[in-house]
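Colleague: Encoded as structure tokens, here's the structure I'll be asking about.
The values are calculated or read from the model by the stated rules, or taken from the named source; none is laboratory data. These numbers come from a predicted model, not from an experiment. Cβ atoms come from the backbone with ideal geometry, glycine included; neighbour counts cover every protein chain shown.
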Amino acid sequence: MDVPFTKMHGLGNDFMVIDNRSNSYTLNSAVIKKWSDRNTGIGFDQLLMVQEPSVEGALFDYRIFNADGDEVEHCGNGARCFARYVTDRNMTDATSIPVNTMAGIITLRLQDNEEVTVDMGIPNFSPANIPLKADAEYLQYQLDISKSNAIQSNSIITENFINAGNDVLPTNQLMHFGSVNIGNPHAVLWVKDVHTAPVNLWGAALENHSVFPARVNVGFMQLLTDQEVQLRVFERGVGETKACGTGACAAVAIGIQQGILQREVAVNLLGGKLRIVWPKNHKSIEMTGPCSTVFEGQTRM
């Protein structure tokens, strides 16, 4: 079966987008892995699928599959591309587009400058909802990666902690991180320099650790000012990506909760800049940034 698709990206976080409103395509992990291969396939971080809405109040269902074939709850950069995809193809003339995800309904808003703002929902710090195996909610968690259990911690964030970071795993096997759910689970570590941070080593160590039953996305954040940070993200099922919208929101939410960041923050990722605003703790966090179409194509199941 021939499958038309569009290749898109948001700050270098790239996607294969498919219109499946007719439910013609039934995908499995083997097909997705084949398509995601950057040498023999189309190459992408995530596959995005447009479907007819399955719940009241949504204009579309928005489904997301990682490069390894696993379906996931949310993708912020993908959401911006999703909004541009459905409007460019006249699937809707709305400028505020509610879509249904595995994490619930989110709203995508088209801006006059061609950027898209995504209502990412209210950050959830409850360990049970991340999910994270911990006996209580803390500003930061201490984890011995050589063991299967998290060590609970509520120690004060210090300048030394923010500026910590080595090129290898700590000799004492301890990691410190904040954790939150932004539609999907995130752990965020402060590092002295994102350019030398051990993203692949530490990211892989945390992604599949037993304290995260659903695995976890891992962010590495460097403080520039209280309104600007640098960030690299190791995404579960993908590895490091050029940008991660939920990762940017998670990093800012954790920085605000720890009393380090202001309510509006510029997040510099490898692929470019996102603007994150979290007006109040009980309000949704919002992400604004660009998205682009790369090319149209057709492949086979």
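Colleague: If you scan segment 223-260, which residues turn out to be more than 15 Å from GLY203 (Cα to Cα), surrounded by fewer than 24 Cβ atoms within 10 Å (Cβ to Cβ) and either among the β-branched types (Val, Ile, Thr) or in contact with a strand residue (DSSP E or B) (Cβ under 9 Å, 6 or more places away or on another chain) (or both)?
Modeller: Result: LEU223, LEU224, THR225, ASP226, GLN227, GLU228, GLN230, ILE256, GLN257, GLN258, ILE260.
Colleague: Within segment 212-269, can you find the residues that are in contact with a Pro (Cβ under 9 Å, 6 or more places away or on another chain) and either basic (Lys, Arg) or over 16 Å from LEU189 (Cα atoms) (or both)?
Modeller: Result: PRO213, ALA214, ARG215, ARG236, ARG263, GLU264.
Colleague: Oh, and also: Spot the failing condition for ALA243; the list is (1) farther than 23 Å from ASP45 by Cβ; (2) assigned to a loop (DSSP other than H, G, I, E, B), and only one is missed.
Modeller: Every condition holds for ALA243 apart from (1).
Colleague: If you don't mind, another one. Is it the case that segment 203-216 has a residue that's assigned to a strand (DSSP E or B), surrounded by fewer than 24 Cβ atoms within 10 Å (Cβ to Cβ), modelled with pLDDT of 95 or more and not hydroxyl-bearing (Ser, Thr, Tyr)?
Modeller: So in segment 203-216, the residues assigned to a strand (DSSP E or B) come out as none.
Checking segment 203-216: not a single residue is assigned to a strand (DSSP E or B), surrounded by fewer than 24 Cβ atoms within 10 Å (Cβ to Cβ), modelled with pLDDT of 95 or more and not hydroxyl-bearing (Ser, Thr, Tyr).
Colleague: Right, here's the next one. Limited to segment 246-283, what total is found for residues that are among the β-branched types (Val, Ile, Thr) and assigned to a strand (DSSP E or B)? Can you show your working first?
Modeller: To start, the set of residues in segment 246-283 that are among the β-branched types (Val, Ile, Thr) comprises 246, 252, 254, 256, 260, 265, 267, 276-277.
Subsequent filtering for residues that are assigned to a strand (DSSP E or B) retains 265, 267, 276-277.
Residues in segment 246-283 being among the β-branched types (Val, Ile, Thr) and assigned to a strand (DSSP E or B): 4 in total.
Colleague: If I filter segment 60-70 for residues that are outside any loop (DSSP other than H, G, I, E, B), among the acidic types (Asp, Glu) and either closer than 22 Å to ARG236 by Cβ or in the same structural domain as THR95 (by TED's automatic domain parsing) (or both), do I get at least one hit?
Modeller: Of segment 60-70, the ones outside any loop (DSSP other than H, G, I, E, B) are 60-66.
Still in the list and also among the acidic types (Asp, Glu): 61.
Add one more test, that the residue is either closer than 22 Å to ARG236 by Cβ or in the same structural domain as THR95 (by TED's automatic domain parsing) (or both), and what stays is 61.
For segment 60-70, residues outside any loop (DSSP other than H, G, I, E, B), among the acidic types (Asp, Glu) and either closer than 22 Å to ARG236 by Cβ or in the same structural domain as THR95 (by TED's automatic domain parsing) (or both): present.
Colleague: Hey, can you tell me all the residues within segment 201-215 that are under 17 Å from the mean Cα position of the chain (by Cα), closer than 14 Å to MET175 by Cβ and touching a residue at least 40 places away in the same chain (Cβ under 8 Å)?
Modeller: Selection gives LEU206, PHE212.
Colleague: Answer with yes or no whether ILE256 is modelled with pLDDT under 95 and either on the phi < 0 side of the Ramachandran plot or out of contact with any His (no Cβ under 7 Å at 6 or more places or on another chain) (or both). Break it down stepwise before answering.
Modeller: Numbers: modelled with pLDDT under 95: no; either on the phi < 0 side of the Ramachandran plot or out of contact with any His (no Cβ under 7 Å at 6 or more places or on another chain) (or both): yes.
Answer is no for this residue.
Colleague: Those residues that are surrounded by 13 or more Cβ atoms within 10 Å (Cβ to Cβ), aliphatic (A, V, I, L, M) and in a helix (DSSP H, G or I), I need them from segment 1-59; list them, please.
Modeller: Matches in segment 1-59: VAL31, ILE32.
Colleague: Which of the residues that make up segment 80-91 are surrounded by 13 or more Cβ atoms within 10 Å (Cβ to Cβ) and in a loop (DSSP other than H, G, I, E, B)? Can you show your working first?
Modeller: Taking segment 80-91 first, the residues surrounded by 13 or more Cβ atoms within 10 Å (Cβ to Cβ) are 80-87, 91.
Result: MET91, single match.
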